[in-house]
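No lab work stands behind these numbers, since they all come straight from the coordinates. Nothing here was measured: the structure is a model prediction, and the numbers come from that model. Methodologically, a virtual Cβ is constructed for each residue, glycine included, from the backbone with ideal geometry; neighbour enumeration extends over all protein chains shown.
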Amino acid sequence: MKRDPKTGAPDFYTFARDYLHTYLPTVQGRSPKTIEAYRISLECFLDYLADHKHIERAHVTFDHFDRDHMKGWLAWMSDQRHYAARTIALRLSTVKAFLTYCSGEDITLVALSQAAKALRTPASARKPIEYLTEPETRAVLAAFTGRTAKSRRNRMLLILLYDTAARVGEITRLTLQDLCLHTPGHVRLTGKGDKTRVVPLTGKTIEHLHVYLAEFPRTRPRCRRGDRCSTARTTANRHRSRPTPSRQCSRVPPRPRAGPVPRFPRTCTATCCARPRPWTSTNKASPCRSSCDFSATRTYRPRQRSTPSPRWT
């Protein structure tokens, strides 16, 4: 129930739980870090009500999200907590988004959402964007000389990061399915919230990728016969499953199989003879026949050698 059974008013904590545990991760597909930021912003408003207004958390309702309390909360974050302008803007935007969700669930909360949207935070000063100059970029790319396999791998990662401007998390989730080395070359990156974007690749980066994949054949996919290896599934940071021999690529030579281990017959322990006799299914020597019929052990003999051993003569 999203309403208090005693008063009939919308229950704040029920809406907050559905918003953080159901709506954000399932409907909007937000990342865990983003959901954590929304939770911290709501807790910040509850701390203001408890410290400045002396309202216990158990008694918080949607009536405390009016315009007066919201303006006092902004002043409290700036004067007492000394938050930066960007932090205050982030806290206010998350509470606005929460009230917008609540207004869609309950029509009686639309007025609170509209009143919160009219609030504005002080503008933050824009800092100049820091970037690497061309000599600095060359120095970073030349840090790995390429003398070892690990150095060549790291150099390839830096080249891919420089050409695609991808995040580190997007590079670690990159698979060979996301690479297209044909014209026009591009890469498909998957970022936060499983959002994908296509980034073109330059000709030099494609040449480096061809050299890298040729040097490290284990990173190449194992595909079916007739399939293109560039579209087969494989990852460098996930668990690889060993394919069956029928699904191996035609370029991968099959692994040789070991032949069956022969079972040598055991010498009879009876006093009548010393001829060999076979093993039974219970791994015990069968009793020797009175006539010592040698025909019963012919199928259990190992393959005859060119020069018979003196033991069997």
**Q.** Selection from 124, 98, 52, by position along the positive dipole direction of segment 1-131 (Cβ)
**A.** 124
**Q.** Peptide ranges 154-161, 125-132 listed from the most packed, as the mean C-beta count within 10 angstrom indicates
**A.** 154-161, 125-132
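Rounded, prolate or oblate: pick one for segment 60-197, where a ≥ b ≥ c are the square roots of the eigenvalues of its C-alpha gyration tensor, a/c under 1.5 means rounded, and failing that, prolate if a/b is larger than b/c, else oblate. Before the final figure, lay out the partial values.
Numbers: a/c = 3.93, a/b = 2.13, b/c = 1.84.
Prolate, since a/c reaches 1.5 and a/b exceeds b/c.
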Q: State the extension gain, in nm to one decimal, for the chain segment bounded by residue 84 and residue 158, taking 0.36 nm per residue of separation less the distance between their alpha-carbons.
A: 23.3 nm
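Starting from the Cα gyration tensor of segment 13-141, take the square roots of the eigenvalues, sort them a ≥ b ≥ c, and report rounded, prolate or oblate (rounded when a/c is under 1.5, otherwise prolate if a/b is larger than b/c, else oblate).
Note, shape of segment 13-141 comes out prolate.
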